[in-house]
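First comes the structure, then the notes that go with it.
The values are calculated or read from the model by the stated rules, or taken from the named source; none is laboratory data. Everything numeric in this text was worked out from a predicted model, so none of it was measured. Glycine gets a Cβ as well: all are built from the backbone with ideal geometry, and neighbour counts include every protein chain shown.
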Amino acid sequence: MKIKTDLRNLTQDEIVAYVESLGQPAFRGRQIMSWLYRPGISQFSEMTDLAKEFRNLLTENARISHLEDPILERSSDGCVKFGFTLDDGQMIETVLIPEPDRNTLCVSSQVGCAMNCSFCLTATMGFIRNLTPSEIVGQVCAVGDFLRAQPEAERIGPDKVTNVVFMGMGEPLNNLENLLKALSILTEQRGLDLTNRRITVSTCGIVPKMRLLGENSDANLAISLHAIDDVTRSRLMPINERYPLDELLAACRDFPMPKRKRIMFEYILLKGINDSDAAAHELARKLRDIPCKINLLPYNESPGIPYKSTPMPRILSFQKILMDANYSVFIRNSRGTDISAACGQLAKKEERKQQEQTTSVLAGQ
């Protein structure tokens, strides 16, 4: 059986090169790009400004992939979690967070994750494989189709995805080549036409690849920090053993970005672990010379994982210390917790079920 080229894996420049390899002029590649991401386009025969012979040639040699028939779970707060089954049978989860003026989509970059952060349910899956560019971008396309199919009266936000955050399953910078291709497609005017300021890439701190991201994309950078000393951070995030805090923060100072931009530092507050006043003061000190803002994340507890969430009065005290130090500090309002769609809760159903069974056994001891 002939293996066809998935054109949704290619950037516009790569599509141009591909059509030239078929003996076609370069402008045909740009024509194809302008069709690939239009709503409702699934076959080359629908690209009506291409010659019929060329459409037939494309049908013989190429394909347009789609993520279809997702498993849907709806939260009481309006969030929707999508479970997409990939061509090889693996599953990824994607979360739509609707608001009246925007639709933020939390996308996955890998099946599973190799980072083994101790507070994250996705870590229980281990690493299975990287997603292709088409599988990354396909999440945005599929959720866009979902939004357009909803009756207007049932939609909370617009009829399209307006913001994308790479905060789903996986470590994006460990799939950097495919991530950069996906970012190119997301921001290409003939592609999905999102602006870089509406795209955020979150990393736990893969230091050598951070600068490569900044040199090849203007997407916003978010750093999963979660602790202000190496002992605590290594306990929570084993990646800290390879790239300790001082090295990570030096890479943040060196990160190439326009003056108007700031790095977002994400900090999950864990009861009795990293939420003291002393930790807040030290965080303020360590970030002093980095253009940044800080996002405090109340912890979303998961079965089988031992950490507890910090009470809100303690979170507010932590925030005040940082604000008094002249930082912009936000407290993320967790969404989708009732369907395990919140930060750190994404995993395949079998991993989630196993964690719940472990918790039940422990509770009976």
Taking the condition over 22 Å from residue 119 (Cα atoms), of a type outside the set (S, T, N, Q) and either assigned to a strand (DSSP E or B) or at pLDDT 95 or above (or both), does residue 284 pass? yes
Breaking point among (1) free of Cβ contacts under 8 Å to residues at least 60 places away in the same chain; (2) of a type in the set (A, V, I, L, M); (3) out of contact with any Asp or Glu (no Cβ under 7 Å at 6 or more places or on another chain), for residue 86: (3)
Go through 321, 294 for me and flag whichever is surrounded by 15 or more Cβ atoms within 10 Å (Cβ to Cβ), at pLDDT 95 or above, of a type in the set (A, V, I, L, M, F, W, C) and closer than 18 Å to residue 248 by Cα. 294
Residue 251: closer than 30 Å to residue 194 by Cα and either touching a helix residue (DSSP H, G or I) at 6+ places or on another chain (Cβ under 9 Å) or among the charged types (D, E, K, R) (or both), yes or no? yes
Unique residue being surrounded by 15 or more Cβ atoms within 10 Å (Cβ to Cβ) and either out of contact with any strand residue (DSSP E or B) (no Cβ under 9 Å at 6 or more places or on another chain) or in the same structural domain as residue 296 (by TED's automatic domain parsing) (or both) when the list is 198, 260, 242: 198
Just to be sure I understand, how many residues within the stretch 185-231 are part of a strand (DSSP E or B), within 21 Å of residue 135 (Cβ to Cβ) and in contact with a Ser or Thr (Cβ under 8 Å, 6 or more places away or on another chain)? 4
If we scan the stretch 16-33, do we find a residue that is buried (at least 19 other Cβ atoms within 10 Å of the Cβ), free of Cβ contacts under 8 Å to residues at least 24 places away in the same chain and in contact with a Gly (Cβ under 9 Å, 6 or more places away or on another chain)? yes
Within the stretch 142-184, tally of residues that are in a loop (DSSP other than H, G, I, E, B) and either of a type in the set (A, V, I, L, M) or outside the structural domain of residue 125 (by TED's automatic domain parsing) (or both): 4
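Would you point out which residue out of 49, 77, 88 is outside the structural domain of residue 142 (by TED's automatic domain parsing), of a type in the set (D, E, K, R) and not in a helix (DSSP H, G or I)?
Going through 49, 77, 88 in turn, just one is outside the structural domain of residue 142 (by TED's automatic domain parsing), of a type in the set (D, E, K, R) and not in a helix (DSSP H, G or I): 49.
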Quick one: is residue 215 at pLDDT 95 or above, among the acidic types (Asp, Glu) and within 30 Å of residue 186 (Cα to Cα)? yes
For the stretch 143-184, give me each residue that is free of Cβ contacts under 8 Å to residues at least 40 places away in the same chain and in contact with a Ser or Thr (Cβ under 9 Å, 6 or more places away or on another chain). 180, 183
Does residue 41 fit the bill of being assigned to a loop (DSSP other than H, G, I, E, B), free of Cβ contacts under 8 Å to residues at least 40 places away in the same chain and under 28 Å from the mean Cα position of the chain (by Cα)? yes
Those residues of the stretch 232-269 which are part of a loop (DSSP other than H, G, I, E, B) and either in contact with a Ser or Thr (Cβ under 8 Å, 6 or more places away or on another chain) or not acidic (Asp, Glu) (or both), in sequence order: 237, 238, 243, 244, 255, 256, 257, 258, 259, 260, 261, 262
Against the conditions (1) surrounded by fewer than 15 Cβ atoms within 10 Å (Cβ to Cβ); (2) free of Cβ contacts under 8 Å to residues at least 40 places away in the same chain; (3) out of contact with any Leu (no Cβ under 9 Å at 6 or more places or on another chain); (4) under 18 Å from residue 235 (Cα atoms), where does residue 271 fall short? Just the number, please. (2)
Could you check the stretch 108-141 and list, in sequence order, the residues that are assigned to a helix (DSSP H, G or I) and either more than 26 Å from residue 302 (Cβ to Cβ) or modelled with pLDDT of 95 or more (or both)? 133, 134, 135, 136, 137, 138, 139, 140, 141
Run residue 177 past the list (1) of a type outside the set (A, V, I, L, M); (2) at pLDDT 95 or above; (3) in contact with a Gly (Cβ under 7 Å, 6 or more places away or on another chain); (4) over 18 Å from residue 72 (Cα atoms) and report the number of the one that doesn't hold. (3)
